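Step one of this worksheet: look at the structure below.
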Amino acid sequence: MIMKGGLIVSGLKAKPDITALIERLNQDLRQLEKDVLRDELKWEISKALEAGGIPPKIAKTMTMVFANLLIEDIDLSRAMRGESIILYLKCQSVQTLLRLKEMVLSGLLLWLLNDVIKQFIESQHRIHLVIKAEDYNLSLFYLNNVTGTFVI
């Protein structure tokens, strides 16, 4: 799902209005102006993620990650999963690489990804096992008889 989101957002970079928005964000603006532009960018990303099939709750947290990466001109080139989740981030310049380093050192990248991972975990289906008390006690009785001990 992260890779799918990355593909959706990379497609946004080809849109002239998104490119213009990012360029304006990188200009010397007052904080209030930057906040308005950043909110506009997040809205565009969120809309595109949901239109691309990302569930709304996950799209909300992914929006924060991708907005920051877009502003810093960092691309998600690949996401793999296994024992861990591995993200390959592509930087177009040394300056971009230094900004990524700062995001890692400050903990910003981890903080942003942490929210996304939590949403993935919370969205997974859970299995609830219900055992009747008499069945549970009967199972304990059989297990205790096999081991030769009796536990109440």
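The values are calculated or read from the model by the stated rules, or taken from the named source; none is laboratory data. Just so it is clear, the structure is predicted and the values come from calculations on it, not from any experiment. Here the Cβ positions follow ideal geometry from the backbone for every residue, glycine too, while neighbour counts run over all protein chains shown.
I'm told SER10 meets every condition in (1) without any contact (Cβ under 8 Å) to a residue 60 or more places away in the chain; (2) closer than 24 Å to ILE86 by Cα; (3) out of contact with any Pro (no Cβ under 7 Å at 6 or more places or on another chain) except one. Can you identify the failing condition by its number?
(1) is the only condition that SER10 fails.
Given the residues SER93, SER123, which is the only one that is surrounded by fewer than 13 Cβ atoms within 10 Å (Cβ to Cβ), at pLDDT 60 or above and more than 20 Å from SER77 (Cβ to Cβ)?
SER123
Under 7 Å between Cβ atoms, which residue pairs at least 6 apart in sequence (or on different chains) link something in segment 66-84 that is closer than 22 Å to LYS47 by Cα with a partner that is basic (Lys, Arg) and assigned to a helix (DSSP H, G or I)?
Filtered contacts from segment 66-84: ALA67/ARG38; ALA67/LYS42; GLU72/ARG99.
Looking at ARG24, ARG38, which one is in contact (Cβ under 8 Å) with a residue 24 or more places away in the chain and charged (D, E, K, R)?
Result of the check over ARG24, ARG38: ARG38.
Given the conditions (1) within 14 Å of the chain's Cα centre (by Cα); (2) aliphatic (A, V, I, L, M); (3) part of a helix (DSSP H, G or I), which single one is not true for ALA79?
Unmet condition: (3).
Every residue in segment 2-41 that is touching a Phe, Trp or Tyr at 6+ places or on another chain (Cβ under 9 Å) and more than 20 Å from THR96 (Cα to Cα), please.
ILE2, GLY5, ILE8
Residue by residue, here is whether (1) surrounded by fewer than 18 Cβ atoms within 10 Å (Cβ to Cβ); (2) under 22 Å from GLN95 (Cα atoms); (3) of a type in the set (Phe, Trp, Tyr) holds:
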{"residue": "LYS13", "(1), (2), (3)": "yes, yes, no"}
{"residue": "ASP17", "(1), (2), (3)": "yes, no, no"}
{"residue": "LEU32", "(1), (2), (3)": "yes, no, no"}
{"residue": "LYS42", "(1), (2), (3)": "yes, no, no"}
{"residue": "ILE54", "(1), (2), (3)": "no, no, no"}
{"residue": "THR63", "(1), (2), (3)": "no, no, no"}
{"residue": "PHE66", "(1), (2), (3)": "no, yes, yes"}
{"residue": "LEU70", "(1), (2), (3)": "no, yes, no"}
